[in-house]
1. Which percent of the accessible area of the chain is formed by carbon and sulfur heavy atoms (probe 1.4 angstrom)?
2. If you count only protein heavy atoms and use a 1.4 Å probe, how large is the accessible surface of Asp43, to the nearest 10 Å²?
3. What translational diffusion coefficient, in µm²/s and rounded to a whole number, does the Stokes-Einstein relation yield for the range 183-252 at 10 °C and a viscosity of 1.306 mPa s, taking the hydrodynamic radius as the Kirkwood radius over Cα pairs?
4. Considering the chain as a Gaussian network with a 10 Å cut-off on Cα pairs, which listed residue, Tyr217, Tyr31, Tyr292, attains the greatest mean-square fluctuation?
5. With only alpha-carbon atoms counted, please give the Rg and Dmax of the range 203-306, in Å.
6. Connecting C-alpha atoms closer than 10 Å in a GNM of the chain, tell me which of Ala24, Ala77, Ala111 has the biggest fluctuation.
7. Output the 0 to 90 degree angle, nearest 10, between the alpha-carbon long axis of helix 24-42 and the longest principal axis computed from the alpha carbons of the chain.
8. Per-residue ellipticity at 222 nm for the chain, helices alone: DSSP H runs ≥ 4 residues times -39500 (n - 2.57), over residue total, nearest 500 deg cm²/dmol?
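The values are calculated or read from the model by the stated rules, or taken from the named source; none is laboratory data. Remember, it's a predicted structure, so these values are computed and weren't measured experimentally. Keep in mind that these areas ignore ligands, DNA and RNA; they rest on the heavy atoms of the full protein, side chains included. Shrake-Rupley method; radii C 1.70, N 1.55, O 1.52, S 1.80 Å.
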Amino acid sequence: MAHRDDDSPINAATSCPTPTLPTAGDVVLAYISTQVDTVLDADLLSGRDDAVRRTRIAARRIRSCLAGFAPLFDPVAGQELRRELRWLGTALSAARDADVLRERLLRDVRALPGDLVLGPVAARIQAEMARAAAQAAPATDLDVARFRRLCEQLVAFRESPPLTRVAARPPTTILVKRLRKAVRGVEAADHAVDVAAPAQRVPTLHAVRKSTKRARYTAEATMGALGPAARDVAVGMKQVQSVLGRHQDAVIAQHALRGMGARAHGAGENGFTFGLLLGREQARADIAEADYPVALERALAAVTHL
């Protein structure tokens with residue numbers, strides 16, 4: 001359900017427009033610096049509302065930048081930081097995703113006419129999803145020492161960036177090249193969908209979504225140098241990401257509903273409502289899948305203006 005963490009606007013706060021910066025490294029580091037500030041300002045360990053979401057978004061953006069602009073950074077330093085950011089994202093994912101799914105399913109139950117809710121449907125959803133969230137590692141159970149070391153790494157990376165000679169080049173050519181490479185990754189993932197067996201369609205669509213995230217964040221990072229052309233690519237990729245996020249959410253919800261319906265039946269409860277909800281999620285998945293080619297075509301069209 002993590003696509004809800006990707007709905008932040010594409011604006012000056014995320015792109016850090018800096019058209020006067022002289023090198024490719026300067027442009028990318030300006031973007032990374034903005035995301036480092038977000039991680040530090042979110043104050044994850046404070047327990048403040050929205051801290052997990054903000055931290056996850058910023059960590060994902062930094063990871064995508066390090067991958068998308070890998071030639072600009074020392075490979076060992078870049079890979080080490082990406083590994084720690086991946087750990088953080090994984091550590092923060094499960095509990096939030098369970099909470100998002102619980103709210104989604106309960107909202108759908110509340111929207112049904114009363115005569116279609118047979119048995120303790122809401123109570124079962126509440127109990128099972130609360131149990132799933134409790135079994136996950138919430139932010140309060142985070143390895144605090146490791147997280148603080150990561151924050152120190154981020155600050156050190158920003159203040160003494162391990163740049164290569166490539167980073168010293170003028171920005172336009174190298175940034176366009178890296179952005180086009182990220183977009184080719186999306187196109188390759190889309191081709192895999194076209195040739196996938198039916199049983200592999202869901203994971204291949206999910207792979208497109210991940211490639212689209214990288215292309216979106218790569219485009220965001222280049223906006224300081226490439227301006228509106230890069231912004232159009234970022235907006236287009238965000239739309240594809242959103243469509244595929246809706247698809248993935250519906251797939252995950254279907255899986256959860258199948259399990260809950262089976263357990264309800266085993267406990268002697270009426271499983272009708274779980275089947276009804278499952279059908280609704282299948283319809284949502286079908287709509288999102290139908291929307292996907294149109295959104296992708298628009299996103300790829302924006303690339304021609306780079």
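1. 55
2. 70
3. On the way: Rh = 12.4 Å.
Rounded to a whole number, D works out at 128 µm²/s.
4. Between Tyr217, Tyr31, Tyr292, it is Tyr292 that shows the largest mean-square fluctuation.
5. 18.3, 62
6. Ala111
7. Approximately 40 degrees, to the nearest ten.
8. Dividing the helical sum by the residues of the chain leaves -26500 deg cm²/dmol.
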